[in-house]
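Working notes, structure below.
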Amino acid sequence: MNHMPVATKDGSGNLDILIAGAGYVGLAAAVAIKSSRPNLSIAVVDAAPAGVWQKDGRCSAIAAAASRMLAQLECWDEIAPVAQAITDMIVTDSRTSDPVRPVFLTFDGEVEPGEPFAHMVPNTALNGALRKQAAALGIDILEGVAVSSFDQGLSGLTVHLADGVALKTKLLIAADGVRSKLRDMAGIKTVHWDYGQSGIVCTIAHERPHNGRAEEHFLPAGPFAILPLKGNRSSIVWTERTADADRIVAADDFVFESELEMRFGLKLGEIRAETKPRAWPLGLTLAREFIAPRFALAGDAAHGIHPIAGQGLNLGLKDVAALAEVIVDADRLGQDIGAFDVLERYQMWRRFDTWQMGVTTDVLNRLFSNDFGPLRALRDIGLGLVERAPHLKNFFIKQASGLAGPAPKLLRGEAI
């Protein structure tokens, strides 16, 4: 396969940074670093064929901190017209057959006046905005070519692509997803288990407006989330036991929409699926290490968690913000950006937070994905107590918005 030559200042083909994976994490890493350090030569390679990203019908929750970061990277103006603010959220705990679903917990949707704690954004809009900015910064994206291996040298890595091209780089960033091949090549082990659940994802249309409200229904098989999109449309993230999920997505439209209506209810009028539902197996995957010599993991390659808290994409963008800050600071100080002690700063920043979120989502899923009576009573009391404690609710909103704790500069909306 022939592809464009990698643009480097000296024409040698030697790179400062090579990123594997042209999803939102890989592209955001390239844009974040290049925006602050135009002197660094950066390229992105992706095994997926060109244009595949345009067929992604899914949508993602972008927390307020991630929105600030995207604004700082000059991408948010491109995304904003199709982004739907989440103005409030309700949480219920019930069975599918219950005639009434009492609301146990409500959240106001603002972290600051006029700033929602999250937006819903089509994946194509997010990816497209990052690609546009990458092109403006002169970052090459080589598509349809995988990394087949890489070798350690004295001052860098030699990365071999599947088409026979070899590139030399000071640092290789793996953002190639939860089943990362590069993570395996680097010899990094993971903690992993399956939940026996799958997440059904699709976009639905409904008669009445959602008014920006997000809903999370804890049902015995797992959480059923309704997330508002632009217009009278919503994104569904529906957790079921894997065998049931496979049956539901394989059913005809009538059966699928009947099953959907049992969970969704009639509050927004008639509903219909706008996109073909797909089921994604759910599990927990946490990398034991985030780095190796001249190598760093970011995004789902470092952590795959349950979608119960809607934090998957935002964890990946936190990785990007931290890694970019570490690399930029090191380059300003004249340090080797691929040196192990430089990368260790990134690992120390991100690994504990990631493991903490992984454990939290695991516990929440086990706590709520069951129909054990005494446990249901206890968790409903817990939800009720949080509802009556404004400070606790504010704490949870801050956590969900990504603005809690010592965040990297990009997540605070500041330049590195």
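Quick notes on this structure:
- Taken over the stretch 293-348, the residue count meeting the criterion of being assigned to a loop (DSSP other than H, G, I, E, B), under 11 Å from the mean Cα position of the chain (by Cα) and under 18 Å from Ala20 (Cα atoms) is 1.
- Residue in the stretch 385-392 that is in a helix (DSSP H, G or I) and exposed (fewer than 12 other Cβ atoms within 10 Å of the Cβ) present: yes
- Of the helices (runs of 4 or more DSSP H) contained entirely in the stretch 16-117, those carrying at least 2 residues that are crowded, with 23+ Cβ neighbours inside 10 Å fall at 24-36, 64-72.
- Of all residue pairs spaced 6 or more apart or on separate chains, those with beta-carbon atoms under 7 Å, a first member in the stretch 402-416 that is under 15 Å from Gln356 (Cα atoms) and a second member that is surrounded by 18 or more Cβ atoms within 10 Å (Cβ to Cβ) are Gly402/Ala63; Gly402/Ala64; Gly402/Ala65; Gly402/Ala66; Gly402/Asn314; Gly402/Lys318; Gly402/Leu411.
- Which numbered condition Asp331 misses (of (1) loosely packed, with under 13 Cβ neighbours inside 10 Å; (2) at pLDDT 80 or above; (3) of a type in the set (D, E, K, R)): (1)
- Filtering the stretch 273-299 to residues that are touching a Leu at 6+ places or on another chain (Cβ under 9 Å) and more than 30 Å from Arg345 (Cα to Cα) leaves Ala273, Pro277.
- Neighbours by Cβ (under 9 Å, 6+ apart or cross-chain): first from the stretch 362-389, closer than 10 Å to Phe104 by Cα; second of a type outside the set (D, E, K, R) and surrounded by fewer than 12 Cβ atoms within 10 Å (Cβ to Cβ): Asp380/Pro102
- Those residues of the stretch 148-168 which are buried (at least 20 other Cβ atoms within 10 Å of the Cβ), more than 24 Å from Pro49 (Cα to Cα) and out of contact with any Phe, Trp or Tyr (no Cβ under 8 Å at 6 or more places or on another chain), in sequence order: Gly156
- Yes/no for Gly164 being part of a loop (DSSP other than H, G, I, E, B), free of Cβ contacts under 8 Å to residues at least 60 places away in the same chain and more than 13 Å from Ala47 (Cβ to Cβ): yes
- Listed conditions (1) more than 27 Å from Lys55 (Cβ to Cβ); (2) of a type in the set (A, V, I, L, M, F, W, C); (3) within 22 Å of the chain's Cα centre (by Cα) are all met by Leu171, apart from (3).
- Residues of the stretch 169-205 that turn out to be assigned to a loop (DSSP other than H, G, I, E, B), closer than 30 Å to Leu227 by Cβ and aliphatic (A, V, I, L, M), as a count: 2
The values are calculated or read from the model by the stated rules, or taken from the named source; none is laboratory data. Quick caveat: nothing in here was measured; it's all calculated off a predicted structure. A quick note on method: Cβ atoms are made from the backbone with ideal geometry, for glycine too, and the neighbour counts reach across all protein chains shown.
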